[in-house]
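Q: Next up is a structure, given as structure tokens.
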Amino acid sequence: MRYIIVLLLGLLLGAAGVYYLLVGAPRIEQRQLGAQPLQAPEAGGPPPGTIVLTFDEKFFDTLLGTIFRDLQPPAFKLSGGATGATGGGATFVAAQGGGCADQLTIAQEGSGARTTVSLKDGRIDVPLAFSGSRNVFGNCINFKGAALANISLSFSREQQTLYGQINVEGVNLEGVSPIAGPFVTTFVQTAINQKVNPLVIMRGQQLTLNVPVEASNGTVRAQASNITHEIKDGALRLHITYDFAGARGVVAAPPPQS
């Protein structure tokens, strides 16, 4: 009986590998958020009422460094498996007794890669170092590796929200057997696409402007009507165009003093 189970497991993993090689890992369709992909700025210059926000690679390095230093590393459940500690490498251990976390954890660095943001050639590339474990037919597969991903941006005027969509282009696993490799690659890619997206980059208060004008007894309000972007020279530049309107008799409260 044991040999029959092993044979069936091998056939299933082999079938998964063939499927991956011929069809590729499943792609997650972008969620319908009412958001439009960002376009490049107009060649003739930005329209009136436009501001430009610039984010360079050092900004994102500081942001990510703060997350890994002051918060827990981002982790995403792969299934409804039991909670437990993840391990490194590609080892097989008994999954009973809560020994398999069934989750993917983003690491600051590992497997020859560093989780960072690269801004060049009109792209936002995001290498992701990771480790994790997965319960497969009663066995716990511990793995680690690096994923090559990119982020596309879109803007919803109705929701006043700037979204990001992470797209995994490839996964490199460290020390995983050729049989299990395609299977692990598929659910790593699916986990990142399903659990991370959509990314909320900016929303509401970060985009809306309220400028009190006490001498005129009112407030100038502005909502983002359009966002374009350009990526070059190691920087992301967001061109945010606003629609302005004045509200008489309404004076926005000043921000609290620290």
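The values are calculated or read from the model by the stated rules, or taken from the named source; none is laboratory data. Not measured: the values here are computed from a predicted model. In this analysis, Cβ positions are derived from the backbone assuming ideal geometry, glycine residues included, and neighbour counts consider all displayed protein chains. Note: accessible area is taken over every heavy atom of the protein model, side chains too, but ligands, DNA and RNA are not part of it. Shrake-Rupley method; radii C 1.70, N 1.55, O 1.52, S 1.80 Å.
Q: When you scan the range 35-111 for strands (runs of 3 or more DSSP E) that lie fully inside it, which ones turn up with 3 or more residues that are touching a Pro at 6+ places or on another chain (Cβ under 7 Å) and modelled with pLDDT of 90 or more?
A: Once the strands (runs of 3 or more DSSP E) in the range 35-111 are filtered for at least 3 residues that are touching a Pro at 6+ places or on another chain (Cβ under 7 Å) and modelled with pLDDT of 90 or more, what remains is 103-107.
Q: With the requirement that a residue be outside any strand (DSSP E or B) and either over 29 Å from P37 (Cα atoms) or open to solvent by less than 40 Å² (accessible area, probe 1.4 Å) (or both), what does the range 112-134 give you?
A: G112, T115, T116, V117 - these are the residues of the range 112-134 that are outside any strand (DSSP E or B) and either over 29 Å from P37 (Cα atoms) or open to solvent by less than 40 Å² (accessible area, probe 1.4 Å) (or both).
Q: Anything in the range 135-162 that is of a type outside the set (A, V, I, L, M, F, W, C) and open to solvent by 20 Å² or more (accessible area, probe 1.4 Å)? List them, or say none.
A: Of everything in the range 135-162, those that are of a type outside the set (A, V, I, L, M, F, W, C) and open to solvent by 20 Å² or more (accessible area, probe 1.4 Å) turn out to be N135, G138, N139, K144, N150, S152, R157, E158, Q159.
Q: So which pairs qualify, if the first residue must be in the range 43-69 and aliphatic (A, V, I, L, M), the second must be part of a strand (DSSP E or B), the Cβ gap must be under 6 Å, and the two must be at least 6 apart or on different chains?
A: I51/I240; V52/R237; V52/H239; L53/L238
Q: Inspect the range 164-178 for any residue being among the small types (G, A, S), open to solvent by 20 Å² or more (accessible area, probe 1.4 Å) and in a loop (DSSP other than H, G, I, E, B) and give the result as yes or no.
A: Scanning the range 164-178, I find at least one residue that is among the small types (G, A, S), open to solvent by 20 Å² or more (accessible area, probe 1.4 Å) and in a loop (DSSP other than H, G, I, E, B), so the answer is yes.
Q: While we're here: Could you check, for the range 207-230, whether at least one of its residues is under 19 Å from the mean Cα position of the chain (by Cα) and under 30 Å from G49 (Cβ atoms)?
A: For the range 207-230, residues under 19 Å from the mean Cα position of the chain (by Cα) and under 30 Å from G49 (Cβ atoms): present.
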